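K.L.:
Submitted below is the structure of interest, expressed as structure tokens.
What follows is calculated from the coordinates using simple rules that are stated; it is not laboratory data. Treat the numbers as computed from the prediction; the structure is a model and nothing was measured. Virtual Cβ from ideal backbone geometry, glycine too; neighbours counted across all protein chains shown.
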Amino acid sequence: MLNWYQTEKRLTISGNKEEQNMLNGKKVLFSGMQATGNLTLGNYLGALKNWVTLSDEYECFYSVVDMHSITVRQDPATLRKRARALYTLYIAAGLDPEKNCIYYQSHVSGHAELMWILNCFTYMGELNRMTQFKDKAAKHADNINAGLFTYPVLMAADILLYQTDVVPVGIDQMQHLEITRDIAERFNNIYGDVFTIPEAFVGKVGAKIMSLQDPEKKMSKSDENPNASIYLMDDPDTIVRKVKRAVTDSEGVILYRDEQPGVKNLLNIYCACSGKTPEDAVKEFGGRGYGDLKTAVAEEVVSVLKPLQGRVAQLEKEKSYLDSMIKNNAEKAQYFANKTLRKVQKKVGFPERPR
Ligand code: ATP
Ligand code: LTN
């Protein structure tokens with residue numbers, strides 16, 4: 001029996017290239033996250049939550065990019081556990097695995113295969129300019145491996161394999177998206193229109209959540225100070241404690257402005273969780289103290305994370321359901337990946353596979 005995606009249609013309305021690129025009448029979206037730590041509130045509010053909003057409008061591929069994770073040394077058992085936890089979180093956050101293709105990158109061999117080809121269309125000079133490489137090389141000076149250097153090429157392969165139209169990413173990933181576009185254009189210039197040129201989709205301003213301990217730095221899952229980040233699995237008491245300890249300032253007024261980065265970050269968290277605007281929040285807390293603001297922020301965060309944690313706990317019990325989603329979606333991703341891959345292999349001159 002054929003799966004729906006095997007009968008899928010790329011519309012072929014004459015001459016209209018944009019429509020030709022649509023998959024089942026929708027544009028294609030790809031994004032991914034590394035399973036290299038416990039996810040933070042920043043990851044949720046800045047990425048996952050937006051993915052859920054976009055998931056109806058686009059044909060979506062959401063990957064747990066475990067192949068990227070090993071560019072930094074990982075403990076195998078921990079990586080496996082975290083990858084499963086991330087997969088579960090995608091679903092708990094509201095991504096339906098029967099509508100969205102949610103899969104482990106390492107289950108689809110096409111990523112590595114396309115990456116090899118794209119490596120041969122990427123210049124050392126381009127990769128040398130990547131700021132994430134420079135940062136990570138400085139941080140992991142004892143393990144500056146070739147994978148860390150070619151990380152952006154694997155990311156380009158992820159995106160180009162599915163003829164992706166849009167890629168929701170944070171500002172920090174824009175440089176990688178630019179190089180993806182450059183590689184795709186270079187390839188298309190030589191071989192014709194093989195790849196769709198992807199566009200970045202950067203979420204709303206204010207979606208960048210900063211560290212609770214240093215509000216000039218983004219909240220990050222690899223931060224060594226556990227008080228700097230709220231983890232998605234933190235219990236209510238921990239959340240309250242971390243928010244109470246958040247660094248503010250000695251101004252004593254609640255205004256939404258760059259001069260008060262700690263307060264601004266708390267207001268951003270409050271607004272992102274409650275759906276209120278910064279103007280409304282400033283009015284609400286006018287004349288009140290930081291203690292009140294922190295109590296309200298902690299309450300809002302708990303009210304967002306508690307149901308999410310409940311859904312995770314429920315899903316963890318549904319092992320066979322998760323396993324079947326993992327399997328079906330890997331097959332679906334591989335199906336689409338192979339379509340692009342075979343085309344690319346033919347273009348570069350690899351011999352045809354006998355049927
Ligand atoms: P690491 O510390 O391992 O580099 P990270 O927490 O910075 O990880 P990434 O894995 O680089 O997160 O990013 C996953 C997604 O979450 C990306 O789309 C990124 O833009 C988004 N993201 C990460 N941190 C934040 C944040 N503080 N605020 C908003 N979005 C964020
Ligand atoms: N590098 C990204 C994760 C990532 C990704 C992708 C994001 C890997 N491949 C493709 C979007 C599209 C990160 O660290 N946030």
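K.L.:
Report the charge-dipole magnitude of the range 27-98 in Debye, nearest 20, computed about the Cα centre from +1 at each Lys and Arg Cβ and -1 at each Asp and Glu Cβ.
P.N.:
400
K.L.:
Which entries of 26/332; 49/244; 81/217 have Cα-Cα distances beyond 18 Å here?
P.N.:
Flagged as over cut-off: 49/244; 81/217.
K.L.:
Same structure again: Using 0.36 nm per residue of separation minus the Cα-Cα distance, give me the extension gain between residue 244 and residue 116 in nm, one decimal.
P.N.:
Between residue 244 and residue 116, full extension yields an extra 41.2 nm.
K.L.:
In Å, what Rg and Dmax follow from the Cα atoms of the range 226-355?
P.N.:
Values for the range 226-355 (Cα only, Rg and Dmax): 23.9, 76 Å.
K.L.:
Right, here's the next one. Which ³J(HN,Hα) values in Hz, rounded to whole numbers, follow from the phi angles of the range 252-263 under the Karplus curve 6.51 cos²θ - 1.76 cosθ + 1.60, where θ = phi - 60° and Gly and Pro get x?
P.N.:
Whole-Hz 3J(HN,Hα) from phi for the range 252-263: x, 10, 9, 10, 9, 8, 4, 5, 10, x, x, 5.
K.L.:
Sticking with this one: Considering amide H positions built from the backbone, and no H for Pro or chain starts, which residues 5 or more places from residue 102, or on another chain, come under 5 Å of its amide H?
P.N.:
Close amide H contacts, sequence-distant or interchain: 62.
K.L.:
Counting other beta carbons within 10 Å of each Cβ, put 273, 120, 101 in order, fewest first.
P.N.:
In increasing order of surrounding Cβ atoms, one gets 120, 273, 101.
K.L.:
Would you mind checking which residues have amide H under 5 Å from residue 33's amide H? H placed 1.01 Å from N; only 5 or more apart, or other chain.
P.N.:
The list, which skips near neighbours in sequence, is 63, 65.
K.L.:
Within 12 Å, Cβ to Cβ, of residue 129, how many net charges do the neighbouring residues add up to if Lys/Arg are +1 and Asp/Glu are -1?
P.N.:
-2
K.L.:
Something else: Show which aspartates and glutamates lie in cross-link reach of residue 294 when reach means a straight Cα distance below 14 angstrom and same-chain residues fewer than eight apart are skipped.
P.N.:
Within the straight-line limit of under 14 Å, residue 294 reaches these aspartates and glutamates: 237, 249, 284.
K.L.:
To check my understanding: the extent here is largest minus smallest coordinate of the Cα atoms along each principal axis. What are those three numbers for the range 166-314, in Å, largest first?
P.N.:
63, 41, 29
K.L.:
Put +1 on the Cβ of every Lys and Arg and -1 on every Asp and Glu Cβ in the chain; which of 304, 154, 239 then has its Cα farthest towards the positive end of the dipole?
P.N.:
Farthest towards the positive end: 154.
K.L.:
If you put +1 on each Lys and Arg Cβ and -1 on each Asp and Glu Cβ, how big is the dipole of the range 252-291 around its Cα centre, in Debye rounded to 20?
P.N.:
About 80 debye.
K.L.:
What is the fewest-to-most order of 323, 66 by other Cβ atoms lying within 10 Å of their Cβ?
P.N.:
Fewest-to-most ranking of 323, 66: 323, 66.
K.L.:
How would 167, 194 line up from fewest to most surrounding beta-carbon atoms within 10 angstrom?
P.N.:
Ascending Cβ contact count within 10 Å gives the list 194, 167.
K.L.:
While we're on this one: Please give the helix 174-191 orientation as an angle from the longest Cα principal axis of the chain, in degrees from 0 to 90, rounded to the nearest 10.
P.N.:
10
K.L.:
Also: Could you run the Karplus curve 6.51 cos²θ - 1.76 cosθ + 1.60 with θ = phi - 60° over the range 55-60 and give me ³J(HN,Hα) per residue in whole Hz, x for Gly and Pro?
P.N.:
5, 7, 6, 10, 7, 10
K.L.:
Where does the charge balance sit around residue 144 when Lys and Arg score +1, Asp and Glu -1, over other residues with C-beta under 14 Å from its C-beta?
P.N.:
Result for the neighbourhood of residue 144: +2.
K.L.:
Rank 95, 47, 72 by how far each Cα sits towards the positive end of the charge dipole of the range 25-139 (+1 on Lys, Arg Cβ; -1 on Asp, Glu Cβ) and give me just the farthest.
P.N.:
Farthest towards the positive pole: 72.
K.L.:
With an 8 Å Cα cut-off and a minimum separation of 6 or more residues, compute the relative contact order for the chain in percent.
P.N.:
Worked out over the chain, it gives 20 percent.
K.L.:
Would you be so kind as to identify which of 225, 209, 174 lies farthest towards the positive end of the dipole of the range 158-252, taking Lys and Arg as +1 and Asp and Glu as -1 on Cβ and the Cα centre as origin?
P.N.:
Of the listed residues, the answer is 225.
K.L.:
Counting other C-beta atoms within 10 Å, and keeping those with at most 12, which DSSP coil GluC sites (Glu not before Pro) do you find in the range 194-261?
P.N.:
Here the GluC sites (Glu not before Pro) that fit, given the DSSP loop and packing criteria, are 216, 224, 259.
K.L.:
With θ taken as phi - 60° and the coefficients 6.51, -1.76 and 1.60, list the Karplus ³J(HN,Hα) couplings across the range 209-214 in order, rounded to whole Hz; mark glycine and proline as x.
P.N.:
8, 9, 4, 6, 9, 9
K.L.:
For the range 89-175, just list the percent of Cα-Cα distances falling in each 5 Å bin from zero outward, please.
P.N.:
With 5 Å bins starting at 0, P(r) equals 3, 11, 19, 20, 21, 14, 8, 4, 0.
K.L.:
Roughly how many debye, to the nearest 20, is the charge dipole of the chain about its Cα centre, given +1 on each Lys and Arg Cβ, -1 on each Asp and Glu Cβ, and no other charges?
P.N.:
820
K.L.:
Would you mind listing how long the chain runs along its three principal axes, going by Cα atoms, in whole Å with the largest first?
P.N.:
Here the spans come out as 73, 46, 45 Å, largest first.
K.L.:
Is it possible to state the helix-based mean residue ellipticity at 222 nm for the chain, with each DSSP H run of 4+ residues giving -39500 (n - 2.57), the sum divided by total residues, to the nearest 500 deg cm²/dmol? What is it?
P.N.:
-16000 deg cm²/dmol
K.L.:
At residue 295 and residue 355, where each label point lies 7 Å from the Cα along Cα→Cβ, what is the point-to-point distance in nanometres?
P.N.:
That separation, rounded to one decimal, is 7.3 nm.
K.L.:
Rounded to the nearest angstrom and ordered from largest down, what semi-axes does the equivalent ellipsoid of the range 129-248 get from its C-alpha gyration tensor (root of 5λ)?
P.N.:
35, 18, 11
K.L.:
Right, next: Any idea what the relative contact order of the range 33-116 is, in percent, if you count C-alpha pairs under 8 Å spaced at least 6 apart?
P.N.:
Relative contact order comes out at 42 percent.
K.L.:
What FRET efficiency would be calculated for the residue pair residue 318, residue 259, taking the C-beta separation as r and a Förster radius of 56 Å, to the nearest 0.05?
P.N.:
Computed FRET efficiency for residue 318 and residue 259 comes out at 0.70.
K.L.:
Add +1 for every Lys or Arg and -1 for every Asp or Glu among the other residues with Cβ under 12 Å from the Cβ of residue 194, and state the total.
P.N.:
+4
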